[in-house]
1. Just name one of 31, 76, 60: the one whose Cα is farthest towards the positive end of the charge dipole of segment 5-86 (beta-carbon charges, Lys/Arg +1, Asp/Glu -1).
2. Expected output is a single nm value to one decimal: the length gained when fully extending between residue 30 and residue 75, i.e. 0.36 nm times separation in residues minus the C-alpha distance. What is it?
3. Is the shape of the chain best called rounded, prolate or oblate, per the rule: a/c under 1.5 gives rounded, else a/b larger than b/c gives prolate, else oblate, with a ≥ b ≥ c the square roots of the Cα gyration tensor eigenvalues?
4. Determine ³J(HN,Hα), in whole Hz, for all residues of segment 70-80 in sequence, where each value follows from phi through the Karplus function 6.51 cos²θ - 1.76 cosθ + 1.60 and θ = phi - 60°; x replaces Gly and Pro.
5. Could you work out the relative contact order of the chain, using alpha carbon pairs under 8 angstrom and six or more residues apart, expressed as a whole percent?
6. For residue 14 and residue 63, compute 0.36 nm times the residue count separating them, minus their Cα-Cα distance, and round to one decimal in nm.
7. To the nearest 20 debye, what charge dipole does the chain have about its Cα centre, counting +1 at the Cβ of each Lys and Arg and -1 at the Cβ of each Asp and Glu?
8. How long is the gain from residue 84 to residue 47 if the chain were fully straight, where each residue apart is worth 0.36 nm and the alpha carbon distance is subtracted?
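Bear in mind that the values in this text are calculations on the coordinates, not laboratory data. Worth saying up front: this structure is predicted, and the values here are computed from it rather than measured. For neighbour counting, all protein chains shown are included, and Cβ atoms are generated from backbone atoms with ideal geometry for every residue, glycine included.
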Amino acid sequence: MKDNYITLKDSSGKKHDYRILLDIEDTNSKVNYMIYTDENKDKNGDLICYASTYVLSDKGNVTKLKPVCTEEEYDFIGRILGSLESE
């Protein structure tokens with residue numbers, strides 16, 4: 001992560017930059033989550049966002065970005081985003 005951006009490779013190896021919107025840790029499960037965007041919008045004009053879990057290296061770098069898989073993880077992220085929307 002540098003200056004709130006992360007660079008990821010797609011399946012063909014092409015690099016893409018994503019802006020990190022939110023970086024949070026579930027204090028119960030000790031899992032880190034990142035919500036990020038490539039600044040594209042859907043047909044309604046809403047910003048398309050992605051969420052992943054990740055592991056930090058000993059040096060504090062993001063490693064092993066993994067997809068959010070469980071309903072509990074989606075619920076946790078939804079509650080966080082919902083609380084931000086209501087503010």
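1. Toward the positive end, the furthest listed residue is 60.
2. Working: separation 45, 0.36 × 45 = 16.20 nm, distance 1.56 nm.
Full extension from residue 30 to residue 75 adds 14.6 nm.
3. Working: a/c = 1.64, a/b = 1.04, b/c = 1.58.
Oblate shape, in that a/c is at least 1.5 and b/c is the bigger or equal ratio.
4. Whole-Hz 3J(HN,Hα) from phi for segment 70-80: 9, 5, 4, 5, 4, 5, 4, 5, x, 5, 5.
5. 16
6. Numbers: separation 49, 0.36 × 49 = 17.64 nm, distance 1.81 nm.
Computed gain between residue 14 and residue 63 is 15.8 nm.
7. Working: 12 positive and 17 negative charges, 107 e Å.
In debye, rounded to 20, the chain gives about 520.
8. Details: separation 37, 0.36 × 37 = 13.32 nm, distance 1.49 nm.
So the chain would gain 11.8 nm between residue 84 and residue 47.
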